[in-house]
Amino acid sequence: VIISGNSKTLDRVIRREVFLAPKDLYNSIEIQESKKSLKRLGFFKSVKIEQIRVSDNLMDLLVKVEETHTASVMAGGGYGSLNGWMINASISDRNVFGGGMGLSFGLEKTEKTGKIELSINNPRVNDSPYSLGTSFYIKESDYTSYNSLNNYKSTSKGVGVSVGKRLTRYWRASTSLNYAYT
């Protein structure tokens, strides 16, 4: 299996989605499934798998990919009757350092609340079928009642952990545990 065109994504991230290994028997269905799996990652504009015969009983697979942008930046604002004016911003990347991990960081501020959140997800820990993710957040809120008798401020800090397993090529199972302190 020869890989080309990947300037950011690591070879091992691509190789784990190719369902034929060296010395495996030729299987056109597995080649098509590998192509679909690589496209599902969302890291590439295009994916081509060429078969190159090197002898009567050996064939090389040339996996050609064209990278696409995996990072995004978002900013917004608005007004709500409960919390007043609001602004938010986030930055995320689905393929951090080419390793296939996801990372996101977000900020949100209203007249009465503020929130910071960070999350990290590895869908294939050490190229295994297991996934691991975690998230952290801090949220501060200022609640004011109409009669000013029940005013209070609250600070929440939370952490979440998720673990999962790839059951088949199309099915995954995961569970998560979240803890918040207010």
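The values are calculated or read from the model by the stated rules, or taken from the named source; none is laboratory data. No experiment lies behind these values; they were computed from the predicted model shown. Every residue, glycine as well, gets a Cβ built from its backbone with ideal geometry; the counts of neighbours run over all protein chains shown. Calculation scope for accessible area: heavy atoms of the full protein, side chains included, ligands and nucleic acids excluded. Shrake-Rupley method; radii C 1.70, N 1.55, O 1.52, S 1.80 Å.
What to note about this one:
- Odd one out for SER131 among (1) part of a loop (DSSP other than H, G, I, E, B); (2) under 26 Å from ARG40 (Cβ atoms): (1)
- Residue match in the range 112-120 (condition: acidic (Asp, Glu), open to solvent by 40 Å² or more (accessible area, probe 1.4 Å), part of a strand (DSSP E or B) and free of Cβ contacts under 8 Å to residues at least 24 places away in the same chain): yes
- Looking at VAL47, VAL18, VAL73, just one residue is assigned to a loop (DSSP other than H, G, I, E, B), among the β-branched types (Val, Ile, Thr) and free of Cβ contacts under 8 Å to residues at least 60 places away in the same chain, and that residue is VAL18.
- Scope the range 143-182; condition touching a Lys or Arg at 6+ places or on another chain (Cβ under 6 Å), in contact (Cβ under 8 Å) with a residue 40 or more places away in the chain and open to solvent by 60 Å² or more (accessible area, probe 1.4 Å); matching residues: ARG172
- Among the residues listed as THR70, THR9, the single one being under 30 Å from ILE138 (Cα atoms), at pLDDT 90 or above and open to solvent by less than 50 Å² (accessible area, probe 1.4 Å): THR70
- Residue match in the range 40-56 (condition: out of contact with any strand residue (DSSP E or B) (no Cβ under 8 Å at 6 or more places or on another chain), surrounded by 10 or more Cβ atoms within 10 Å (Cβ to Cβ), basic (Lys, Arg) and under 19 Å from ARG166 (Cα atoms)): yes
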